[in-house]
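Values in this text are rule-based calculations from the coordinates and carry no lab data. What you see is a predicted model; the values in this text were computed from it and never measured. Glycine gets a Cβ as well: all are built from the backbone with ideal geometry, and neighbour counts include every protein chain shown.
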């Protein structure tokens, strides 16, 4: 007896092909709609949205802040006709258009070393290395001078903490917290938080674990917890174990539970 084997069709019937095609399309849609399967490609190729040059002069310090749009402000620009100006670039949240505005200033400042915006106070605080903090209104106040505050120590960095609504400054051996007067015309020292060994506080960041304050102190990242009334207390530290090069920047990735820090030698450490 001879058994006849059924042959496989090279070209399926239309009803079978239609079923297979719909099944493939359905699975493809499910895959594309699943965020876990999305591929995110990161690129270090920057996109230039706006270009500004001060050649042959050096570009003055620029301060970024966000209000109803993205703002990039710079003070004490001197024109070819010796006019002194404040310049602000505004970028909308909805498009890539950048608008530039110019405001007149009455005084030429020494080279600005630190410049920070104080959020809802609408104040810019500038430090020029001369033991004086200078207060200016932001674009809402046309960058008008509001006051000067003498300080008895050299300031290395400035940071505004919107949670405490205070100005923070890093100096040799301490982080200083400042109360900002509502009028915007004055500052008062609230506390001086000492750093062990008189370490130089090179930078202050607000992106620490659980929203804590980070003080970058030479080769140590110190985690500071807010304790009320402008007081800060150290709760954790991360020490560099590589070249001993000063730490210049850091970032906390809460999702992964890592703290990243970069130093002047170009090294990145992970804790």
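When 127, 64 are ordered from fewest to most other Cβ atoms inside 10 Å of their Cβ, what list results? Don't jump to the answer; show the numbers that get you there.
Working: 127 23, 64 12.
Exposure proxy ranking, most exposed first: 64, 127.
Exposure proxy check: 175, 88, 270, 98 ranked by fewest other beta carbons within 10 Å? Write out the running numbers ahead of the final one.
Values: 175 24, 88 21, 270 10, 98 15.
Exposure proxy ranking, most exposed first: 270, 98, 88, 175.
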Seminar exercise, completed: Helix-only [θ] at 222 nm, the chain, -39500 (n - 2.57) per DSSP H run of 4+, per residue, nearest 500, equals -2500 deg cm²/dmol
Seminar exercise, completed: Rounded to the nearest 10 degrees, the helix 14-33 long axis (Cα) sits at an angle to the longest Cα principal axis of the chain of 20
Exercise. Which whole-angstrom value gives the distance between the alpha carbon centres of the range 148-179 and the range 181-208?
Worked result: 3
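Could you tell me whether the range 60-134 comes out rounded, prolate or oblate from its Cα gyration tensor? Rule is a ≥ b ≥ c as square roots of the eigenvalues, rounded for a/c under 1.5, then prolate if a/b exceeds b/c, otherwise oblate. Walk me through the intermediate numbers first.
Details: a/c = 2.49, a/b = 1.34, b/c = 1.86.
Since a/c reaches 1.5 but b/c is at least a/b, the shape of the range 60-134 is classed as oblate.
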Seminar exercise, completed: Most exposed to least, judged by fewest other Cβ atoms within 10 Å, 153, 72 sort to 153, 72
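Please give the peptides 106-117, 193-204 ranked by average Cβ packing (other Cβ atoms within 10 Å per residue), highest first, as a rough proxy for protection. Spell out each step's value before the answer.
Working: 106-117: 15.2, 193-204: 17.0.
Ranking, from highest mean packing down: 193-204, 106-117.
Using the C-alpha atoms of the chain, what convex hull volume per residue, in cubic angstrom, is computed? Each step should come with its number before you reach the end.
Working: hull volume 72.8 nm³, N = 271.
Hull volume normalised by residue count: 268 Å³.
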Exercise. At what distance in angstrom do the alpha carbon centres of the range 58-127 and the range 210-242 lie from each other?
Worked result: 30
Exercise. Which distance in nm do the two modelled labels at residue 66 and residue 258 give, with both placed 7 Å along the Cα-to-Cβ direction?
Worked result: 2.4
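Given a Förster distance of 25 Å, report the FRET efficiency between residue 108 and residue 163 from their Cβ-Cβ distance, rounded to the nearest 0.05. Before the final figure, lay out the partial values.
Numbers: r = 35 Å, r/R0 = 1.41.
With a Förster radius of 25 Å, E is 0.10.
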